[in-house]
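Step one of this worksheet: look at the structure below.
The values are calculated or read from the model by the stated rules, or taken from the named source; none is laboratory data. Everything numeric in this text was worked out from a predicted model, so none of it was measured. No Cβ is skipped: glycine too gets one built from the backbone with ideal geometry, and neighbour counts run over all protein chains shown.
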Amino acid sequence: MASYLENLPACVWFEGGEKRNALASMLSGILFFSGWWLSIDANATHPESFPGTYHICGIIGTISFIMINSVSNALMQGDSYSGGCMGPRGARLWIFIGFVLGFAAVIASCWIFFNNFVGQSSDKTVSLFAGIALFLENFLIFGASLVYKFGRVEDQWG
């Protein structure tokens, strides 16, 4: 059996060392896309259970994604930039606010899910899928943010 597997061609795109940034970017993109896809699908298939105001959680999660990933690790440590009005402290404050917004979006979607969907399971007009999609949207967006921030390495360009 081992000789059979040795004859298979090597998987070129799955080498972790040099391709780590590409893999982290692809995984993050898939998670981000899947989250928004679930939300849009829930809104399209169950509009009575998924009002448009529920998209605010996803929008806040997306803003969090942008805020967290707009700050480099070197900037956080104070290695590359010391100017501006706040320097590295401003970068740390910016990323902290980004994480707070991400956690707030996940917690708000969890609260909406349990308050409006799980508690109303006897009501036939409320679809449980819409609540699960809302929670998964924000969970996947926050997961994409973490994968994109901590899955990449910045040493290759420096």
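If only residues of the stretch 65-94 that are among the aromatic types (Phe, Trp, Tyr) and at pLDDT 75 or above are counted, the one that is surrounded by the fewest Cβ atoms within 10 Å (Cβ to Cβ) is TRP94. Would it be correct to say that ILE132 is surrounded by fewer than 19 Cβ atoms within 10 Å (Cβ to Cβ) and part of a helix (DSSP H, G or I)? When the stated conditions are applied, ILE132 passes them. Does PHE33 count as loosely packed, with under 15 Cβ neighbours inside 10 Å and among the aromatic types (Phe, Trp, Tyr)? The answer is yes for PHE33. Pairs linking a residue in the stretch 39-66 that is under 11 Å from SER109 (Cβ atoms) to a residue that is basic (Lys, Arg), with Cβ atoms under 6 Å and 6 or more positions apart or on different chains, do not occur.
Does GLY29 fit the bill of being touching a helix residue (DSSP H, G or I) at 6+ places or on another chain (Cβ under 6 Å), among the small types (Gly, Ala, Ser), modelled with pLDDT of 90 or more and assigned to a helix (DSSP H, G or I)? So GLY29 does not fit the description; no.
Within the stretch 113-140, can you find the residues that are at pLDDT 85 or above and more than 19 Å from PRO51 (Cβ to Cβ)?
PHE139, LEU140
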